[in-house]
1. Name the single residue, out of those in the range 36-68 being in contact (Cβ under 8 Å) with a residue 40 or more places away in the chain and outside any helix (DSSP H, G or I), that is surrounded by the fewest Cβ atoms within 10 Å (Cβ to Cβ).
2. Please find, within the range 1-19, the residue that is modelled with the highest pLDDT out of those that are of a type in the set (A, V, I, L, M, F, W, C), in a loop (DSSP other than H, G, I, E, B) and closer than 25 Å to P66 by Cα.
3. Does R22 satisfy being surrounded by fewer than 13 Cβ atoms within 10 Å (Cβ to Cβ), modelled with pLDDT of 95 or more and outside any strand (DSSP E or B)?
4. Quick check on H33: is it modelled with pLDDT of 95 or more, outside any loop (DSSP other than H, G, I, E, B) and not hydrophobic (A, V, I, L, M, F, W, C)?
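The values are calculated or read from the model by the stated rules, or taken from the named source; none is laboratory data. Keep in mind that this is a model prediction, so the values were computed, not measured. Quick reminder, even Gly has a Cβ in these numbers, built from the backbone with ideal geometry, and neighbours come from all protein chains shown.
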Amino acid sequence: MDTAESVIEFIYAHHYMYNHNRAVKKKQHFDFHVRWLNQPPSEDKWLSYNELQDTEALDIYLRQHPELHF
């Protein structure tokens, strides 16, 4: 069984999964672009808020982007 865990170096972008039927933006509808520690940019990946919600990297990113109103 593979128990290796990837470490997030930083989050550098976000986007909102826009839907005309949604009156209010919800955290669950945001995705964030993640850079992995010791990995090349080709390994960067978009992850959902739900996948990142308990990470320090997301906490840091959200402090840097107060306009998201999380």
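1. Ranking the candidates gives H65 first.
2. V7
3. no
4. Yes; evaluated as a whole, the condition is true for this residue.
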